[in-house]
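J.: Quick one: the structure is below, questions incoming.
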Amino acid sequence: MGRRRRRRVDPADAARALPEAIAVLTRTLPTGPSPETFRRAKFDRPEAAPALWRLLFCVLSPMPADGASPSLALEAQARSVKAALRFQGYPRRALAQLPDDGSQGGRELLLALAWLLARGPTLEQLLAQSRVRLGDEMPVCECESLASPGPAVPSVEADGCVDTRHLQWLMGKLRFRWRKLMASQQEQCALLGKIHSYTRGCHSDRSLGHLSVTETELLRDPEGGQQVRAGGTKVGLLQRLERENVRLEAALEWRRRELVFWQWMDTVLGACPPEASQPAFLPEIPAQGAAELELVVRELQALQEELQAAVEPRRAAWEARVGGHGPEWSASRRALQEAVRQDLVALQWAWERGGGLTQPHEPHRLVRTEAGAPEGRGLQATEVIEVLRSREACLEVVLGQLQGQCQQELARLVGTLPGLIWIPPPGR
(Lines give C-alpha, C1' and ligand atoms only; values in the text may rest on other atoms or scores of the structure.)
Protein backbone atom coordinates (compact mmCIF):
# COMPACT_ATOMS: atom_id res chain seq x y z
CA MET A 1 0.00 0.00 0.00
CA GLY A 2 1.27 3.42 -0.87
CA ARG A 3 1.24 6.32 1.52
CA ARG A 4 -1.68 8.69 1.43
CA ARG A 5 -0.40 11.89 -0.13
CA ARG A 6 -1.53 15.29 1.11
CA ARG A 7 -3.76 17.08 -1.34
CA ARG A 8 -2.23 20.29 -2.68
CA VAL A 9 -4.26 23.33 -3.55
CA ASP A 10 -3.76 24.93 -6.95
CA PRO A 11 -2.45 28.54 -6.61
CA ALA A 12 -5.15 29.93 -8.91
CA ASP A 13 -7.89 28.21 -6.94
CA ALA A 14 -6.29 29.38 -3.71
CA ALA A 15 -6.28 32.99 -4.92
CA ARG A 16 -9.99 32.74 -5.67
CA ALA A 17 -10.83 30.87 -2.48
CA LEU A 18 -8.75 33.06 -0.14
CA PRO A 19 -11.27 35.95 0.17
CA GLU A 20 -14.05 33.44 0.84
CA ALA A 21 -12.01 31.70 3.56
CA ILE A 22 -11.20 35.01 5.27
CA ALA A 23 -14.84 36.09 5.02
CA VAL A 24 -15.89 32.87 6.74
CA LEU A 25 -13.31 33.46 9.47
CA THR A 26 -14.50 37.02 10.07
CA ARG A 27 -18.09 35.79 10.46
CA THR A 28 -16.88 33.43 13.18
CA LEU A 29 -14.82 36.01 15.08
CA PRO A 30 -16.40 38.83 17.11
CA THR A 31 -16.29 42.16 15.25
CA GLY A 32 -14.34 40.54 12.43
CA PRO A 33 -12.91 42.96 9.85
CA SER A 34 -13.34 42.58 6.11
CA PRO A 35 -11.04 40.46 3.89
CA GLU A 36 -9.67 43.70 2.44
CA THR A 37 -8.37 44.61 5.91
CA PHE A 38 -6.50 41.31 6.05
CA ARG A 39 -4.96 41.98 2.62
CA ARG A 40 -3.79 45.45 3.69
CA ALA A 41 -2.41 44.03 6.92
CA LYS A 42 -0.20 41.64 4.95
CA PHE A 43 1.54 44.64 3.38
CA ASP A 44 1.65 46.40 6.78
CA ARG A 45 -0.65 49.25 5.75
CA PRO A 46 -1.38 51.57 8.72
CA GLU A 47 -5.11 51.79 7.96
CA ALA A 48 -5.50 48.06 8.79
CA ALA A 49 -3.98 48.29 12.26
CA PRO A 50 -6.90 49.79 14.30
CA ALA A 51 -9.37 47.12 13.18
CA LEU A 52 -6.96 44.31 14.07
CA TRP A 53 -6.16 45.85 17.46
CA ARG A 54 -9.89 45.88 18.24
CA LEU A 55 -10.30 42.31 16.94
CA LEU A 56 -7.48 40.97 19.12
CA PHE A 57 -8.87 42.83 22.12
CA CYS A 58 -12.26 41.16 21.65
CA VAL A 59 -10.60 37.75 21.19
CA LEU A 60 -8.38 38.05 24.27
CA SER A 61 -10.85 39.79 26.59
CA PRO A 62 -13.71 37.89 28.25
CA MET A 63 -17.09 38.82 26.87
CA PRO A 64 -19.53 40.48 29.30
CA ALA A 65 -22.72 38.69 30.28
CA ASP A 66 -24.90 41.06 28.25
CA GLY A 67 -22.76 40.65 25.12
CA ALA A 68 -21.94 44.35 24.90
CA SER A 69 -18.46 45.19 23.66
CA PRO A 70 -16.38 47.22 26.14
CA SER A 71 -15.96 50.87 25.12
CA LEU A 72 -12.25 51.46 25.73
CA ALA A 73 -9.95 53.78 23.89
CA LEU A 74 -7.76 52.26 21.20
CA GLU A 75 -4.63 53.02 23.24
CA ALA A 76 -5.99 51.11 26.24
CA GLN A 77 -6.99 48.19 24.01
CA ALA A 78 -3.48 48.04 22.51
CA ARG A 79 -1.88 47.92 25.95
CA SER A 80 -4.29 45.20 27.03
CA VAL A 81 -3.54 43.11 23.92
CA LYS A 82 0.21 43.39 24.51
CA ALA A 83 -0.12 42.33 28.13
CA ALA A 84 -2.42 39.39 27.30
CA LEU A 85 -0.14 38.09 24.54
CA ARG A 86 2.92 38.44 26.76
CA PHE A 87 1.11 36.50 29.48
CA GLN A 88 0.26 33.70 27.05
CA GLY A 89 3.86 33.42 25.86
CA TYR A 90 3.71 35.06 22.43
CA PRO A 91 7.27 34.65 21.07
CA ARG A 92 7.70 37.65 18.74
CA ARG A 93 9.17 40.76 20.34
CA ALA A 94 8.23 43.02 17.44
CA LEU A 95 4.63 43.27 18.65
CA ALA A 96 5.68 44.45 22.11
CA GLN A 97 7.72 47.24 20.46
CA LEU A 98 4.74 48.66 18.55
CA PRO A 99 3.42 52.06 19.65
CA ASP A 100 0.44 52.09 22.00
CA ASP A 101 -1.62 54.49 19.88
CA GLY A 102 -2.79 51.59 17.64
CA SER A 103 -1.67 53.20 14.40
CA GLN A 104 0.89 50.58 13.32
CA GLY A 105 1.54 46.86 13.28
CA GLY A 106 -1.01 45.37 10.90
CA ARG A 107 1.28 42.51 9.83
CA GLU A 108 2.40 41.70 13.37
CA LEU A 109 -1.20 41.70 14.56
CA LEU A 110 -2.12 39.34 11.74
CA LEU A 111 0.64 36.96 12.86
CA ALA A 112 -0.55 37.20 16.48
CA LEU A 113 -4.10 36.31 15.42
CA ALA A 114 -2.85 33.31 13.45
CA TRP A 115 -0.75 32.24 16.46
CA LEU A 116 -3.86 32.30 18.68
CA LEU A 117 -5.87 30.30 16.16
CA ALA A 118 -3.12 27.70 15.76
CA ARG A 119 -2.15 27.13 19.40
CA GLY A 120 -5.51 26.17 20.87
CA PRO A 121 -9.29 26.00 20.54
CA THR A 122 -9.72 29.76 20.30
CA LEU A 123 -12.78 29.61 18.03
CA GLU A 124 -14.47 27.01 20.23
CA GLN A 125 -13.92 29.16 23.32
CA LEU A 126 -15.33 32.24 21.60
CA LEU A 127 -18.40 30.32 20.46
CA ALA A 128 -18.91 28.95 23.98
CA GLN A 129 -18.69 32.45 25.48
CA SER A 130 -21.21 33.93 23.07
CA ARG A 131 -23.72 31.09 23.05
CA VAL A 132 -27.30 31.83 24.04
CA ARG A 133 -28.10 30.13 27.33
CA LEU A 134 -31.60 28.74 27.19
CA GLY A 135 -31.64 26.80 30.45
CA ASP A 136 -32.04 27.92 34.05
CA GLU A 137 -28.43 27.54 35.14
CA MET A 138 -26.79 27.72 38.54
CA PRO A 139 -23.04 28.07 39.18
CA VAL A 140 -21.67 25.41 41.53
CA CYS A 141 -17.92 26.03 41.47
CA GLU A 142 -16.69 29.33 42.95
CA CYS A 143 -13.17 29.21 41.47
CA GLU A 144 -13.69 32.22 39.21
CA SER A 145 -15.21 34.41 41.95
CA LEU A 146 -12.43 33.44 44.36
CA ALA A 147 -9.71 33.99 41.78
CA SER A 148 -11.00 37.47 40.89
CA PRO A 149 -12.60 38.94 44.01
CA GLY A 150 -12.82 42.36 42.41
CA PRO A 151 -10.97 45.62 42.97
CA ALA A 152 -9.49 46.16 46.37
CA VAL A 153 -11.36 48.53 48.65
CA PRO A 154 -9.17 51.53 49.45
CA SER A 155 -8.44 51.96 53.13
CA VAL A 156 -9.52 55.33 54.45
CA GLU A 157 -8.08 56.60 57.68
CA ALA A 158 -10.70 58.15 59.94
CA ASP A 159 -10.10 61.75 60.99
CA GLY A 160 -10.68 61.81 64.70
CA CYS A 161 -13.14 59.59 66.53
CA VAL A 162 -15.53 57.25 64.73
CA ASP A 163 -19.20 57.57 65.64
CA THR A 164 -20.44 54.21 66.93
CA ARG A 165 -24.01 55.06 65.96
CA HIS A 166 -22.94 55.46 62.34
CA LEU A 167 -21.36 52.01 62.42
CA GLN A 168 -24.56 50.58 63.92
CA TRP A 169 -26.58 52.25 61.15
CA LEU A 170 -24.30 50.74 58.48
CA MET A 171 -24.61 47.32 60.09
CA GLY A 172 -28.39 47.58 60.15
CA LYS A 173 -28.43 48.68 56.51
CA LEU A 174 -26.28 45.68 55.59
CA ARG A 175 -28.61 43.29 57.43
CA PHE A 176 -31.66 44.82 55.71
CA ARG A 177 -30.12 44.40 52.25
CA TRP A 178 -29.08 40.85 53.08
CA ARG A 179 -32.63 39.95 54.10
CA LYS A 180 -33.97 41.63 50.95
CA LEU A 181 -31.56 39.63 48.81
CA MET A 182 -32.53 36.37 50.50
CA ALA A 183 -36.24 37.15 50.03
CA SER A 184 -35.73 37.87 46.33
CA GLN A 185 -33.77 34.63 45.91
CA GLN A 186 -36.53 32.63 47.60
CA GLU A 187 -39.15 34.29 45.42
CA GLN A 188 -37.13 33.50 42.30
CA CYS A 189 -36.80 29.86 43.35
CA ALA A 190 -40.56 29.65 43.93
CA LEU A 191 -41.30 31.08 40.48
CA LEU A 192 -38.82 28.70 38.88
CA GLY A 193 -40.53 25.79 40.60
CA LYS A 194 -43.93 26.89 39.29
CA ILE A 195 -42.66 27.23 35.70
CA HIS A 196 -40.94 23.83 35.85
CA SER A 197 -44.08 22.26 37.25
CA TYR A 198 -46.55 23.85 34.80
CA THR A 199 -44.43 23.07 31.72
CA ARG A 200 -43.80 19.44 32.62
CA GLY A 201 -43.77 17.22 29.54
CA CYS A 202 -43.50 20.13 27.06
CA HIS A 203 -39.80 19.79 26.27
CA SER A 204 -38.66 17.71 23.31
CA ASP A 205 -35.71 16.38 25.35
CA ARG A 206 -37.08 13.67 27.64
CA SER A 207 -34.11 13.96 29.98
CA LEU A 208 -35.16 17.52 30.83
CA GLY A 209 -38.93 17.12 30.82
CA HIS A 210 -39.85 20.79 31.30
CA LEU A 211 -39.16 24.23 29.87
CA SER A 212 -36.93 26.92 31.32
CA VAL A 213 -37.83 30.56 31.88
CA THR A 214 -36.08 31.61 28.65
CA GLU A 215 -37.79 28.91 26.60
CA THR A 216 -41.16 29.83 28.08
CA GLU A 217 -40.58 33.49 27.24
CA LEU A 218 -39.56 32.51 23.71
CA LEU A 219 -42.84 30.67 23.21
CA ARG A 220 -44.84 33.55 24.67
CA ASP A 221 -43.15 36.33 22.67
CA PRO A 222 -40.79 35.03 19.96
CA GLU A 223 -39.89 38.46 18.56
CA GLY A 224 -39.37 40.61 21.64
CA GLY A 225 -38.81 38.19 24.50
CA GLN A 226 -35.63 38.43 26.62
CA GLN A 227 -34.28 41.53 24.89
CA VAL A 228 -30.61 42.34 25.45
CA ARG A 229 -28.91 45.59 24.53
CA ALA A 230 -26.04 44.98 22.09
CA GLY A 231 -24.28 47.69 20.16
CA GLY A 232 -26.77 50.36 21.28
CA THR A 233 -29.85 48.48 20.04
CA LYS A 234 -32.11 45.95 21.71
CA VAL A 235 -31.87 42.46 20.26
CA GLY A 236 -34.53 39.83 20.89
CA LEU A 237 -33.87 36.23 21.83
CA LEU A 238 -34.87 34.91 18.42
CA GLN A 239 -32.44 37.29 16.70
CA ARG A 240 -29.65 36.21 19.02
CA LEU A 241 -30.35 32.58 18.20
CA GLU A 242 -30.23 33.37 14.49
CA ARG A 243 -26.89 35.13 14.93
CA GLU A 244 -25.54 32.18 16.87
CA ASN A 245 -26.60 29.82 14.09
CA VAL A 246 -24.81 32.00 11.53
CA ARG A 247 -21.61 31.88 13.58
CA LEU A 248 -21.86 28.10 14.03
CA GLU A 249 -22.38 27.58 10.30
CA ALA A 250 -19.39 29.85 9.62
CA ALA A 251 -17.26 27.83 12.05
CA LEU A 252 -18.11 24.59 10.23
CA GLU A 253 -17.37 26.21 6.88
CA TRP A 254 -14.06 27.52 8.25
CA ARG A 255 -12.89 23.98 9.01
CA ARG A 256 -13.28 23.14 5.33
CA ARG A 257 -11.50 26.26 4.08
CA GLU A 258 -8.78 26.90 6.66
CA LEU A 259 -6.04 25.17 4.61
CA VAL A 260 -6.12 28.06 2.12
CA PHE A 261 -5.77 30.57 4.95
CA TRP A 262 -2.74 28.83 6.45
CA GLN A 263 -0.99 28.64 3.10
CA TRP A 264 -1.55 32.38 2.72
CA MET A 265 -0.20 32.96 6.24
CA ASP A 266 3.04 31.25 5.15
CA THR A 267 3.50 34.07 2.63
CA VAL A 268 2.72 36.66 5.32
CA LEU A 269 5.35 35.16 7.60
CA GLY A 270 7.84 35.09 4.73
CA ALA A 271 7.28 38.81 4.14
CA CYS A 272 8.27 39.63 7.74
CA PRO A 273 11.90 40.42 8.52
CA PRO A 274 13.44 37.59 10.57
CA GLU A 275 13.95 38.28 14.24
CA ALA A 276 17.34 37.69 15.78
CA SER A 277 16.91 34.86 18.21
CA GLN A 278 18.40 35.38 21.65
CA PRO A 279 20.96 32.65 22.36
CA ALA A 280 20.68 30.88 25.65
CA PHE A 281 23.24 32.16 28.12
CA LEU A 282 25.21 29.29 29.63
CA PRO A 283 27.81 30.45 32.13
CA GLU A 284 31.21 28.85 31.73
CA ILE A 285 33.19 27.99 34.83
CA PRO A 286 36.93 28.11 34.21
CA ALA A 287 39.04 25.23 35.41
CA GLN A 288 41.05 27.40 37.81
CA GLY A 289 37.80 28.65 39.41
CA ALA A 290 36.43 25.21 40.28
CA ALA A 291 38.42 25.04 43.53
CA GLU A 292 37.23 28.50 44.55
CA LEU A 293 33.62 27.52 43.83
CA GLU A 294 33.94 24.44 46.03
CA LEU A 295 35.33 26.60 48.83
CA VAL A 296 32.34 28.96 48.54
CA VAL A 297 29.94 26.00 48.73
CA ARG A 298 31.57 24.77 51.94
CA GLU A 299 31.38 28.23 53.48
CA LEU A 300 27.67 28.49 52.61
CA GLN A 301 26.98 25.11 54.21
CA ALA A 302 28.79 26.17 57.37
CA LEU A 303 26.80 29.40 57.53
CA GLN A 304 23.56 27.47 57.08
CA GLU A 305 24.40 25.17 59.98
CA GLU A 306 25.30 28.14 62.16
CA LEU A 307 22.03 29.85 61.30
CA GLN A 308 20.07 26.70 62.11
CA ALA A 309 21.81 26.43 65.50
CA ALA A 310 20.91 30.06 66.27
CA VAL A 311 17.28 29.72 65.20
CA GLU A 312 16.39 26.71 67.36
CA PRO A 313 16.85 28.34 70.81
CA ARG A 314 15.09 31.51 69.66
CA ARG A 315 12.12 29.47 68.44
CA ALA A 316 11.97 27.53 71.72
CA ALA A 317 12.04 30.78 73.71
CA TRP A 318 9.29 32.31 71.59
CA GLU A 319 7.05 29.28 72.03
CA ALA A 320 7.60 29.35 75.78
CA ARG A 321 6.77 33.06 75.93
CA VAL A 322 3.65 32.75 73.73
CA GLY A 323 2.40 29.74 75.67
CA GLY A 324 2.02 31.83 78.80
CA HIS A 325 -0.62 34.16 77.44
CA GLY A 326 -3.39 32.35 79.24
CA PRO A 327 -6.80 31.10 78.13
CA GLU A 328 -7.20 33.66 75.32
CA TRP A 329 -4.29 32.20 73.35
CA SER A 330 -5.48 28.66 74.01
CA ALA A 331 -9.01 29.45 72.80
CA SER A 332 -7.73 31.12 69.64
CA ARG A 333 -5.45 28.16 68.96
CA ARG A 334 -8.30 25.69 69.45
CA ALA A 335 -10.55 27.69 67.10
CA LEU A 336 -7.85 27.71 64.44
CA GLN A 337 -7.33 23.96 64.80
CA GLU A 338 -11.09 23.39 64.49
CA ALA A 339 -11.23 25.50 61.33
CA VAL A 340 -8.38 23.50 59.81
CA ARG A 341 -10.08 20.26 60.78
CA GLN A 342 -13.34 21.34 59.12
CA ASP A 343 -11.48 22.24 55.92
CA LEU A 344 -9.74 18.86 55.89
CA VAL A 345 -13.04 17.05 56.42
CA ALA A 346 -14.65 18.94 53.53
CA LEU A 347 -11.71 18.21 51.23
CA GLN A 348 -11.67 14.53 52.20
CA TRP A 349 -15.41 14.24 51.58
CA ALA A 350 -15.10 15.88 48.15
CA TRP A 351 -12.17 13.58 47.29
CA GLU A 352 -14.00 10.44 48.38
CA ARG A 353 -17.03 11.40 46.29
CA GLY A 354 -14.84 10.98 43.21
CA GLY A 355 -16.86 12.15 40.24
CA GLY A 356 -19.26 14.26 42.28
CA LEU A 357 -17.87 17.79 42.24
CA THR A 358 -14.97 17.12 39.90
CA GLN A 359 -17.09 17.88 36.84
CA PRO A 360 -16.24 20.81 34.55
CA HIS A 361 -16.33 24.18 36.29
CA GLU A 362 -19.32 25.60 34.47
CA PRO A 363 -22.93 26.38 35.40
CA HIS A 364 -25.30 23.44 35.69
CA ARG A 365 -28.83 23.49 34.35
CA LEU A 366 -31.61 23.18 36.90
CA VAL A 367 -33.82 20.18 36.14
CA ARG A 368 -36.83 19.18 38.21
CA THR A 369 -37.08 15.44 38.78
CA GLU A 370 -39.81 13.40 40.38
CA ALA A 371 -39.30 11.27 43.45
CA GLY A 372 -38.12 7.77 42.54
CA ALA A 373 -36.91 8.78 39.08
CA PRO A 374 -33.52 7.40 38.00
CA GLU A 375 -30.61 9.74 38.69
CA GLY A 376 -29.06 11.47 35.71
CA ARG A 377 -25.47 12.38 34.95
CA GLY A 378 -25.52 15.79 36.66
CA LEU A 379 -25.24 16.85 40.25
CA GLN A 380 -28.01 16.10 42.71
CA ALA A 381 -29.33 18.87 44.94
CA THR A 382 -28.54 16.85 48.07
CA GLU A 383 -24.85 16.69 47.11
CA VAL A 384 -24.65 20.44 46.62
CA ILE A 385 -26.49 21.07 49.91
CA GLU A 386 -24.06 18.86 51.82
CA VAL A 387 -21.08 20.69 50.37
CA LEU A 388 -22.63 24.07 51.18
CA ARG A 389 -23.37 23.00 54.74
CA SER A 390 -19.78 21.86 55.21
CA ARG A 391 -18.59 25.18 53.82
CA GLU A 392 -20.98 27.03 56.14
CA ALA A 393 -19.59 25.18 59.17
CA CYS A 394 -16.04 26.16 58.21
CA LEU A 395 -17.04 29.79 57.78
CA GLU A 396 -18.81 29.82 61.14
CA VAL A 397 -15.66 28.55 62.84
CA VAL A 398 -13.61 31.27 61.16
CA LEU A 399 -16.22 33.87 62.11
CA GLY A 400 -16.09 32.79 65.75
CA GLN A 401 -12.31 33.04 65.69
CA LEU A 402 -12.43 36.56 64.24
CA GLN A 403 -15.06 37.65 66.77
CA GLY A 404 -12.87 36.35 69.59
CA GLN A 405 -9.90 38.31 68.29
CA CYS A 406 -12.02 41.46 68.04
CA GLN A 407 -13.23 41.04 71.62
CA GLN A 408 -9.64 40.62 72.83
CA GLU A 409 -8.59 43.76 70.97
CA LEU A 410 -11.53 45.72 72.42
CA ALA A 411 -10.68 44.53 75.90
CA ARG A 412 -7.09 45.63 75.42
CA LEU A 413 -8.16 49.07 74.20
CA VAL A 414 -10.61 49.49 77.06
CA GLY A 415 -7.86 48.61 79.54
CA THR A 416 -5.86 51.61 78.36
CA LEU A 417 -8.71 53.99 79.29
CA PRO A 418 -9.15 54.28 83.07
CA GLY A 419 -12.67 54.59 84.40
CA LEU A 420 -14.30 53.07 81.28
CA ILE A 421 -16.56 50.05 81.74
CA TRP A 422 -16.95 47.78 78.74
CA ILE A 423 -20.13 45.70 78.57
CA PRO A 424 -19.96 43.17 75.73
CA PRO A 425 -23.15 42.68 73.66
CA PRO A 426 -25.33 39.68 74.52
CA GLY A 427 -24.75 36.56 72.49
CA ARG A 428 -27.23 35.82 69.71
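The values are calculated or read from the model by the stated rules, or taken from the named source; none is laboratory data. Just so you know, these numbers come straight off a predicted model, no measurement behind them. Cβ sites come from the backbone with ideal geometry, for glycine too, and all protein chains shown count toward neighbours. The protein model used for the area step is the full one, side chains on, heavy atoms only, and it has no ligands, DNA or RNA in it. Shrake-Rupley method; radii C 1.70, N 1.55, O 1.52, S 1.80 Å.
J.: What does the charge count around Asp136 come to, taking other residues whose C-beta lies under 13 Å from its C-beta (Lys +1, Arg +1, Asp -1, Glu -1)?
T.: Net charge around Asp136: +1.
J.: Restricting attention to the range 97-143, which trypsin sites (Lys or Arg not before Pro) occupy a DSSP loop and are surrounded by at most 11 other Cβ atoms within 10 Å?
T.: Arg133
J.: Can you figure out the FRET efficiency of Arg365 with Trp318, using R₀ = 35 Å and their beta-carbon distance, to the nearest 0.05?
T.: Step by step, r from the Cβ atoms, then E = 0.05.
J.: Could I ask something else about it? Report the label-to-label distance for Leu402 and Gln88 in nanometres (one decimal), using points 7 Å from each Cα along the Cα→Cβ vector.
T.: 3.7
J.: What are the ³J(HN,Hα) couplings of the range 103-108, residue after residue, when phi is run through the Karplus curve with 6.51, -1.76, 1.60 and θ = phi - 60°? Round to Hz, x for glycine and proline.
T.: My calculation for the range 103-108 gives 9, 9, x, x, 5, 5 Hz in order.
J.: Accessible area of Leu170, 1.4 Å probe, to the nearest 10 Å²?
T.: Number for this one is 80 Å².
J.: Grab the beta carbon distance between Ser130 and Arg179, set R0 = 41 Å, and tell me the FRET efficiency rounded to 0.05.
T.: Efficiency, rounded to the nearest 0.05: 0.65.
J.: Could you calculate the contour length gain from Arg27 to Glu305, that is, 0.36 nm times the residue separation minus the distance between their Cα atoms, to one decimal place in nm?
T.: 93.5 nm
J.: A further question follows. Amide H neighbours of His210 under 5 Å, counting only residues 5+ apart in sequence or on other chains, H built in-plane at 1.01 Å?
T.: Result for His210 returns Gly201, His203.
J.: Hey, another quick one. Kindly write out, for the range 118-135 in residue order, the coupling ³J(HN,Hα) from the Karplus curve 6.51 cos²θ - 1.76 cosθ + 1.60 (θ = phi - 60°), rounded to whole Hz, with x marking Gly and Pro.
T.: Working through the residues one at a time gives 8, 7, x, x, 5, 5, 5, 5, 5, 5, 5, 5, 9, 6, 7, 8, 8, x Hz.
J.: Largest first, how would Arg206, Arg200 line up by accessible area (1.4 Å probe)?
T.: Arg206, Arg200
J.: Next question. Out of residues 5 or more away from His364 or on other chains, whose amide H comes under 5 Å of its own, with H placed 1.01 Å from N in the peptide plane?
T.: Met138, Val140
J.: Need one word for the range 380-427: rounded, prolate or oblate. Basis is the Cα gyration tensor (sqrt eigenvalues a ≥ b ≥ c); a/c below 1.5 gives rounded, then a/b vs b/c decides.
T.: prolate
J.: Whole-Hz ³J(HN,Hα) for each residue in the range 255-268, computed from phi via Karplus 6.51 cos²θ - 1.76 cosθ + 1.60 with θ = phi - 60°, x for glycine and proline: what do you get?
T.: 5, 8, 10, 5, 4, 5, 5, 5, 5, 5, 5, 4, 5, 5
J.: R0 = 30 Å: FRET efficiency of Asp343 with Leu170, Cβ-based, nearest 0.05?
T.: According to the calculation, E is roughly 0.50.
J.: Let me ask you something else. Can you give me the distance in nm between label points at Cys189 and Asn245, each placed 7 Å from the Cα along the Cα-to-Cβ direction?
T.: Computed distance between label sites Cys189 and Asn245 equals 3.7 nm.
J.: Moving on. For the residue pair Arg79 and Gln263, what label-to-label distance in nm results when each label sits 7 Å from Cα along the Cα-to-beta-carbon direction?
T.: Taking the simple label geometry, Arg79 and Gln263 are separated by 4.3 nm.
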